[in-house]
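Taking it in order: structure first as structure tokens, then the write-up.
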């Protein structure tokens with residue numbers, strides 16, 4: 001005898017099958033993008049931080065408007081795994097993370113990519129678009145020429161790490177923030193980290209201080 005619970009479970013099974021089919025179709029489209037890049041001679045590193053953040057902003061807006069019962073962190077984590085699989089499908093990247101930054105790196109970039117211990121060679125990233133580095137805020141240093149900070153981790157909550165790399169040029173929205181190294185935070189800055197004689201802040205008014213990178217965020221630092 002089929003019970004109401006059986007019917008609900010059957011519908012869930014059907015939805016799961018549909019999700020698998022859609023994931024397969026997404027992978028097929030990713031393969032087409034990779035082939036088109038190869039054919040046009042524009043094949044490069046698959047990492048697109050601005051586009052990824054725009055996708056996650058759209059996902060979060062959908063969740064807030066239509067699916068508030070879903071975990072914000074859980075939904076974004078699933079999406080990050082989908083992005084990681086797509087990056088791996090296009091040749092992958094290697095994430096070199098310091099010990100303190102490794103948990104944040106793995107949580108953000110997902111299970112599909114390669115990880116190694118950071119060796120202190122940020123300059124090498126300028127010549128290798130398929131490698132990035134992740135350092136804790138306490139370890140953060142100014143990026144060398146050809147390298148920039150393109151994200152801070154985690155995306156939700158108080159940041160603990162920064163991502164460095166020679167990522168592809170992308171059009172950045174007007175609401176992008178600059179990561180700035182100052183002697184001390186100014187009014188309007190979001191303070192990420194305060195050292196003995198400096199501060200790392202996110203701001204829209206960099207002034208004459210050193211800009212380490214520009215990127216999109218998901219919101220205020222908590």
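What the table below lists for this structure:
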| item | result |
| --- | --- |
| At R0 = 30 Å, FRET efficiency that the Cβ-Cβ distance of residue 169 and residue 116 yields, to 0.05 | 0.70 |
| Gain in span if fully extended, residue 17 to residue 37, counting 0.36 nm per residue against the direct Cα distance | 4.1 nm |
| Nearest-ten-degree value, helix 4-40 long axis tilted from longest Cα axis of the chain | 50 |
| Share, in percent, of DSSP beta bridges within the stretch 44-171 that are antiparallel, nearest 5 | 55 |
| For the chain: relative contact order, % (alpha-carbon pairs under 8 angstrom, 6 or more apart) | 16 |
| Stokes-Einstein D in µm²/s, Kirkwood radius over Cα pairs - the stretch 108-185 at 20 °C with 1.002 mPa s viscosity | 155 |
| Helix 49-66 axis, angle to the chain major axis (alpha carbon atoms, nearest 10°) | 50 |
| Relative contact order %, the stretch 1-130, counting alpha carbon pairs below 8 Å whose residues are six or more apart | 24 |
| Per-residue [θ]222 nm for the chain (sum of -39500 (n - 2.57) over DSSP H runs n ≥ 4, rounded to 500) | -12500 deg cm²/dmol |
| With Cα atoms, 0 to 90° folded angle of helix 72-89 axis to the chain main axis | 90 |
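Where a number appears in this text, it was derived from the coordinates with a stated rule and is not lab data. Just so it is clear, the model here is predicted, and its values are computed rather than measured. Counting neighbours? That spans all protein chains shown, and the Cβs are built from the backbone with ideal geometry, glycine included.
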